[in-house]
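See structure below.
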Amino acid sequence: MLKLPNDYGPNWGQQRDAARARDHHRCTVCNAPEPPGRQHDVHHKKPFRDFGYIRGENERYLQANDLANLVTVCPNCHRAIETAEATRTALEGLSYLVGNLASLFVMCDPGDLATVPDIHSAHTRLPTITVYELTPGGTGLADELCAHHADLLKMAAQRIRECPCERGCPACVGPIDESVQSRDLKADTLRLIGMLAPESR
């Protein structure tokens, strides 16, 4: 299937060149200069899709492409940034799934539990999903859920595979912004589950 280039709005070329010039045509991460014949990439600090730009309907590309939101990066550093972004969105997708499925394992109301995804948890120093009870002091549900960790991940993977949507929806890994080209949230989340529980692949 042909993948169309991202539509970053009518001023993207101008803003991209302005960002590269401001950064002296060097990667702002590793300081590498642009090699002959290959311009560095320009990355949106806050993802472009988060602004909800729709061609012909709004001008939100102006805020998305503001120079303060752009940074010049070499291809290697850009890939590292994108990998980190994929991890963050996959973690959010899995957190959404866990939040919807967890109550099935401990026989409680879905509103009794909540989840928080954290790309760098202060407790584990790793990407972490924290499941906690909303009842003050707790009733032991979170502890009980730990015993179902593997089965919960297996059910999450199954839900993703069975969902007929293309890249993600509220019935599986959560809603995604369809107004622009975006990541395959289902594939990213399945990849994360596979890393956490290989038997769930």
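The values are calculated or read from the model by the stated rules, or taken from the named source; none is laboratory data. What you see is a predicted model; the values in this text were computed from it and never measured. Neighbour counts are summed over all protein chains in view; Cβ atoms, including those assigned to glycine, are modelled from backbone coordinates with ideal geometry. SASA here: full protein model, heavy atoms, side chains in, ligands and nucleic acids out. Shrake-Rupley method; radii C 1.70, N 1.55, O 1.52, S 1.80 Å.
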Number of the condition not met by Ser95 [criteria: (1) small (Gly, Ala, Ser); (2) over 22 Å from Lys154 (Cα atoms); (3) assigned to a helix (DSSP H, G or I)]: (2)
Top-ranked residue in region 82-101 [being open to solvent by less than 20 Å² (accessible area, probe 1.4 Å) and under 8 Å from the mean Cα position of the chain (by Cα); ranked as modelled with the lowest pLDDT]: Ala86
Any hit, region 109-122, residues being exposed (fewer than 13 other Cβ atoms within 10 Å of the Cβ), touching a Gly at 6+ places or on another chain (Cβ under 8 Å) and in contact (Cβ under 8 Å) with a residue 12 or more places away in the chain: no
Hits in region 26-85 - residues which are free of Cβ contacts under 8 Å to residues at least 24 places away in the same chain, polar (S, T, N, Q) and under 15 Å from Pro10 (Cα atoms): Asn58, Gln63
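Each row is one residue, and each column tells you yes or no for (1) buried (at least 17 other Cβ atoms within 10 Å of the Cβ); (2) basic (Lys, Arg); (3) touching a helix residue (DSSP H, G or I) at 6+ places or on another chain (Cβ under 9 Å).
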{"site": "Ala21", "(1), (2), (3)": "no, no, no"}
{"site": "Cys27", "(1), (2), (3)": "yes, no, yes"}
{"site": "Asp41", "(1), (2), (3)": "yes, no, yes"}
{"site": "Lys46", "(1), (2), (3)": "no, yes, yes"}
{"site": "Ala64", "(1), (2), (3)": "yes, no, yes"}
Filtered residue count, region 126-178, keeping only those that are under 16 Å from Leu196 (Cα atoms), charged (D, E, K, R) and either assigned to a loop (DSSP other than H, G, I, E, B) or open to solvent by less than 50 Å² (accessible area, probe 1.4 Å) (or both): 0
Condition met for Glu57 (of a type in the set (Asp, Glu), under 13 Å from the mean Cα position of the chain (by Cα) and open to solvent by 40 Å² or more (accessible area, probe 1.4 Å)): no
